[in-house]
Amino acid sequence: MKLYLVKEIFNGEERLYNQAIVTDEEMIIWTGDRNSDKIKMFIINETIDISDKFVMPGLIDCHVHIASLENKPESAIEWSKVTVDALENLKKLMSAGVVACRDLGSIEGVTIGISNAQKEGILTRLPKLISAGRALTATGGHGYNIGIECDGIDEFIKGTRFVIKEGADVVKVMMSGGVNSPGEEQGPPEVNQEEINATVLEAHARGRKVAVHSHGNTAIKRSVLAGVDSIEHGVFNSEDVMELMLEYGTSLVPTLSAPYYATVEGIRQQPDNPDHKKSKEVVKKHNKATLKAFSMGIPIAMGTDAGCPFNPHDRAFYELVLLHNIGIETADVLKIATQNGAVLLEQDQLGAIASGKEASFIALDRSPFEDFSAIERSKQVWIKGIKVL
Ligand SMILES: [Zn+2]
């Protein structure tokens, strides 16, 4: 058994001082005051004195892409490189403090191979990966390079069954175009009501949640009415649709990083691309809609969309800074990035520091309650009781 002596903890709910954590193999078996007599009950083989550090559950990134390519590889050699790069991206996420993540669309569903490997007990010193595999999209729709093109109820049912047959842990649907796609409204709908209804029925019947890429209001509303589990992005969400989300218990994964990096890095690297300039306006609307959703009580989980253009895996922690910057308090941001993700991804063993939870946590040099930028600095990372960084 290992004993960790810690200055301050955020346990997934609240901030506590002068704490101790006792772990056995990969699990936490006790937490409490570091001066408690109860510690003597345990046979401690190793004491890890991090009594100058702040410890919190590892981050859960509910929206990443670790193998999202524009063009399909043409040989086995190129495919093997795709897998190696995907593993490297998982390592980068880990360096950002991520201990579990959900890939919402990969070329030919290749990340399912990595998730399957973890289910067999290998690659377990990397963040836990939950994979959608290929996304479902309309013909020519958003992200068709990482998706299966479906049209009509029958093809959406077939597509859902197909990705589940391939091993998808969750079903991803591209409900709308991108923020700059042409259409009557921004983020125009690309999938109709009957198609998403059929997809959700089929996925839920087979025990899979449904996550939808949705920017425009029409696409979000259709998704909520169909009973999807999470709206990803939700840039142009309006208050009446948010009311519906509350009623239906729909979660929101805002991915503030996506338009942020498109604006900051996009403009820097491609100053003449008009899409990046438009992103500035998108950022404003997105921030406003996200804060409104939070204040209304819609469950929010952290997601970065890392792996999309200009959006780096090794800076996943920056999503927390962006959530903090729009006015969400520190404790709530930390909860969004840990416990709320565990709930959405149905990973009960993660998202908290408590007896019975997995010993997957991170240590920071300073408390983010005193200086939020602590989250951006170097961190120590443990996954299943093993120090990986
Ligand atoms: Zn995405």
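The values are calculated or read from the model by the stated rules, or taken from the named source; none is laboratory data. Remember, it's a predicted structure, so these values are computed and weren't measured experimentally. Every residue, glycine among them, receives a Cβ derived from its backbone with ideal geometry; neighbour counts consider all protein chains shown. These accessible areas exclude ligands, DNA and RNA; they are computed on the full protein's heavy atoms, side chains included. Shrake-Rupley method; radii C 1.70, N 1.55, O 1.52, S 1.80 Å.
Label points 7 Å out from Cα along the Cβ direction at residue 243 and residue 37: separation in nm?
5.8 nm
Going by alpha carbons, how many degrees (0 to 90, nearest 10) lie between the helix axis of 257-269 and the longest principal axis of the chain?
80 degrees
Taking all protein chains in place and a 1.4 Å probe, what share, in percent, of the accessible surface of the chain do carbon and sulfur account for?
49 percent
May I ask for the net charge around residue 377, where only other residues with Cβ less than 15 Å from the Cβ of residue 377 are counted and Lys, Arg are +1 while Asp, Glu are -1?
-2
Given a cut-off of under 8 Å on Cα pairs at least six residues apart, what relative contact order in percent is computed for the stretch 120-256?
19 percent
Report the Cα centroid-to-centroid distance between the stretch 81-144 and the stretch 193-243 in angstrom, as an integer.
The distance from the Cα centre of the stretch 81-144 to that of the stretch 193-243 comes to 22 Å.
Would you mind calculating the relative contact order of the stretch 59-316 from Cα pairs under 8 angstrom and at least 6 residues apart, reporting the percent as a whole number?
Relative contact order here is 19 percent.
Among 283, 297, 219, which residue has its Cα furthest toward the positive end of the charge dipole of the stretch 59-316, with +1 on Lys/Arg Cβ and -1 on Asp/Glu Cβ?
My answer, from the dipole projection, is 297.
Can you return the aspartates and glutamates within cross-link range of residue 119? Criterion is Cα-Cα under 15 Å, with same-chain partners fewer than 8 residues away left out.
Those aspartates and glutamates meeting the cut-off are 166, 169.
Helix 217-226 versus the longest principal axis of the chain: what angle, 0 to 90°, nearest 10, using Cα atoms?
Once rounded, one gets 70 degrees.
What share of Cα pairs, in percent, lie more than 26 angstrom apart in the stretch 59-316?
Result for the distance tail: 36 percent.
Which one, 249, 63, 122, is farthest towards the positive end of the dipole of the stretch 59-316 when Lys and Arg carry +1 and Asp and Glu -1 on their Cβ?
Value computed over the given set: 122.
For residue 352, what charge total do you get from the other residues with a beta carbon under 11 Å from its beta carbon, if Lys and Arg give +1 and Asp and Glu give -1?
Around residue 352, the surrounding residues sum to -2.
State which entries of 128/158; 2/91; 7/379; 128/384 exceed 19 angstrom in Cα-Cα distance in the structure shown.
128/158; 2/91
How long are the three semi-axes of the equivalent ellipsoid for the stretch 204-328, computed from the Cα gyration tensor as the root of 5 times each eigenvalue, in whole Å, largest first?
25, 15, 14
Sum up the charges of everything whose Cβ sits under 10 Å from the Cβ of residue 95, counting Lys and Arg as +1 and Asp and Glu as -1, but leave residue 95 out.
Cβ neighbours under 10 Å give a net charge of +3.
Heads up, I need the accessible area for residue 367: 1.4 angstrom probe, whole protein in place, Å², nearest 10.
Estimated to the nearest 10 Å², residue 367 gives 10 Å².
Quick one: helix 152-166 against the long Cα principal axis of the chain, what's the angle to the nearest 10°, folded into 0 to 90?
Here the helix axis deviates by roughly 30 degrees.
Please give the per residue accessible area of the chain, computed with a probe of 1.4 Å over protein heavy atoms only, in Å².
Spelled out: the 1.4 Å probe surface of the chain, per residue, equals 42 Å².
Which length gain, in nm to one decimal place, applies between residue 354 and residue 15 when the Cα-Cα distance is subtracted from 0.36 nm times their residue separation?
Extra length available between residue 354 and residue 15 comes to 120.8 nm.
Arranged from highest to lowest average of other beta-carbon atoms within 10 Å per residue, in what order do the peptides 239-251, 278-290, 327-339 appear?
Ranked by mean Cβ neighbours within 10 Å, highest first: 327-339, 278-290, 239-251.
Ranked from highest to lowest mean number of other Cβ atoms within 10 Å per residue, what is the order of the peptides 141-149, 97-105, 215-223, 35-43?
Highest-to-lowest ranking by the protection proxy: 97-105, 215-223, 141-149, 35-43.
What are the aspartates and glutamates whose alpha-carbon lies under 20 Å from the alpha-carbon of residue 92, with same-chain residues fewer than 8 places away excluded?
Output for residue 92: 61, 103, 265, 305, 314, 319, 365, 376.
What percent do you get for the relative contact order of the stretch 258-371 when only Cα pairs under 8 Å and 6+ apart count?
Once divided by the residue count of the stretch 258-371, the mean separation gives 20 percent.
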